[in-house]
Amino acid sequence: MNKLIISNFKSNKSIAETLAWINKFNQIPDSLLASYEVSVAPSFVSLESAAKAIENSGKKYSLAVQDISPFPSGSYTGAISVQNLLNIKIRYAIIGHSERRKYFHETSQDVAMKVEQSLLNGILPIVCIDDSYLEEQLNMISKENLSKCIIAFEPASAIGTGSNADLGVVKGVIQRVRKIAGDIKVIYGGSVDDQNINEYLLVTDGVLISSFSLDASNFMRAIKTIS
Ligand code: PGA
């Protein structure tokens, strides 16, 4: 698989702002989209119009969700289940981001249930982990499910701070992930920009970018910078 490059909008942008971002990003040359696997994670409410805008452009990149319900469809007020998303083409689900743990008290058990829900419905889980709960989280997911996940090493100290993780630390974490999960894909997220993206892609299978990618030109520039 080509290196995975994901933009996570978090809770930023209205539907109109998301569409403006997509329209700008659609100027990216097709050759770059053929060389990398690019995905964009806007808010839930923007997904449908974003999907249409991407489809109409004919550009080859996908959509990701930033979260998913741990439950199937049913009486779970406020939760977005995989069934709610059935008619929107979604390739990835970012699951267990540290902000979900911190602000919404999500546990490793919740994350394992979300992984199950995603996989049952053909959405590929990108499971975020940090150093302190790496083993706990991965061991909570069944071996079979884990083999289908992508793991994102997202040290909380590096998220939105400009103080990105040391490459040696990233390599160490990848080894620990592979010890439990085998040869699965591991990506990195935390203050990635056009200056450091190449370093991370040397040792990982991809990157997850938020702050720097909120401007579509920046995200495009980061992808153009990849050598
Ligand atoms: P950042 O966020 O790029 O703003 O550091 C990364 C993330 O939370 O995935």
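Remarks
- Distance in nm between pseudo-label sites at residue 116 and residue 86 (7 Å out along the Cβ direction from Cα): 2.1
- Considering every alpha-carbon pair of the range 94-227, the percent of pairs per 10 Å bin, from zero through the bin containing the longest distance, is 13, 44, 34, 10.
- 28 Å Cα-Cα threshold exceeded, pairs from 59/143; 3/89; 13/171; 59/185; 3/24; 10/148: 59/143; 13/171
- The range 13-169: mean projected area of Cα convex hull, nm²: 10.6
- At R0 = 22 Å, FRET efficiency that the Cβ-Cβ distance of residue 34 and residue 221 yields, to 0.05: 0.75
- Theoretical FRET efficiency, 1/(1+(r/R0)^6), r = Cβ-Cβ of residue 139 and residue 103, R0 30 Å, to 0.05: 0.80
- Counting charges near residue 200 (Lys, Arg +1; Asp, Glu -1) among other residues having Cβ under 14 Å from its Cβ returns a value of -3.
- The spread of Cα positions in the range 59-110, taken along each principal axis and listed from longest to shortest, comes to 36, 26, 16 Å.
Every read-out reported here was derived from the displayed coordinates using simple, explicitly stated rules and does not represent laboratory data. All figures in this text were calculated on a predicted structure; none of them were measured in a lab. We place every Cβ from the backbone using ideal geometry, glycine too, and count neighbours over all the protein chains shown.
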